[in-house]
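Have a look at the structure below before the remarks.
The values are calculated or read from the model by the stated rules, or taken from the named source; none is laboratory data. Note that this is a predicted model, so its numbers are computed, not measured. Note that each Cβ is placed from the backbone with ideal geometry, even for glycine, and that neighbours are counted across all protein chains shown.
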Amino acid sequence: KAGVTQTPRYLIKTRGQQVTLSCSPISGHRSVSWYQQTPGQGLQFLFEYFSETQRNKGNFPGRFSGRQFSNSRSEMNVSTLELGDSALYLCASGRTSGNTIYFGEGSWLTVV
Amino acid sequence: ELKVEQNPLFLSMQEGKNYTIYCNYSTTSDRLYWYRQDPGKSLESLFVLLSNGAVKQEGRLMASLDTKARLSTLHITAAVHDLSATYFCAVDLISSGSARQLTFGSGTQLTVLP
């Protein structure tokens, strides 16, 4: 059974650019959530999607956005990148009635 | 605002010894997760604790939950080097239905010394 798949795994962007990260959840999982991990702030919740609807959003500026498609795949976008956006971005998926939340390998973003 | 505090943040222990990591949280929740993270890697699910008094064990790790005290513990028995990693607890801030929003502790960086 395939796990949560994130692409790209590593990327380098320049300040001011935008980036799109992709996440394919485990088959059958309709809830997809995104987290940012940095050494200074730790793991922080970005947003959660279910059936193409954003159900929850963390305390991040509007530059961070996301969406979910009908096949449950999700993308997150960060516009006008800042140096502080350099982080590991983790996608997680779970079943509607399930308890375990599974994380992907993450996308390492470096902003220079 | 939900706060999740782990301690200790750093833990060096000798192989064969026992130790406990503590996770305190500030508001009512019915789901608590423990994850392991190796350097440069993602989060590996260890345990999901769903009710007061829940206890789960896997190998040398045992997790428990006391919802009244808002406390979870991760106990390590007879540590081995392979357990060296960072361990996170996370509390699920259920806002509606089956929504998920995890709030993580700062993590405990465990180093098991020979």
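Quick notes
- Which listed residue, of B:L74, B:L32, is away from chain A (no Cβ under 14 Å), under 28 Å from A:S93 (Cβ atoms) and either touching a strand residue (DSSP E or B) at 6+ places or on another chain (Cβ under 8 Å) or β-branched (V, I, T) (or both): B:L74
- The one condition in (1) modelled with pLDDT of 95 or more; (2) at the interface with chain A (Cβ under 10 Å from one of its Cβ atoms) that B:Y22 fails to fulfil: (2)
- Counted as qualifying within segment A:24-92 are the strands (runs of 3 or more DSSP E) with 3 or more residues that are hydroxyl-bearing (S, T, Y), namely A:31-38.
- Among (1) in contact with a Phe, Trp or Tyr (Cβ under 7 Å, 6 or more places away or on another chain); (2) over 18 Å from A:Q37 (Cα atoms); (3) within 14 Å of chain A (Cβ to nearest Cβ) - the single one B:S51 does not satisfy: (1)
- Counting the residues of segment A:85-109 that are surrounded by fewer than 13 Cβ atoms within 10 Å (Cβ to Cβ) and either closer than 12 Å to A:F47 by Cα or in contact (Cβ under 8 Å) with a residue 12 or more places away in the chain (or both) gives 1.
- Condition met for A:S74 (free of Cβ contacts under 8 Å to residues at least 60 places away in the same chain and in contact with a Cys (Cβ under 6 Å, 6 or more places away or on another chain)): yes
- If you go through segment A:18-33 and pick out every residue that is crowded, with 21+ Cβ neighbours inside 10 Å and either aromatic (F, W, Y) or out of contact with any Cys (no Cβ under 9 Å at 6 or more places or on another chain) (or both), you end up with 1.
- Unmet requirement for B:Q14, which otherwise passes all of (1) under 15 Å from the mean Cα position of the chain (by Cα); (2) at pLDDT 90 or above: (1)
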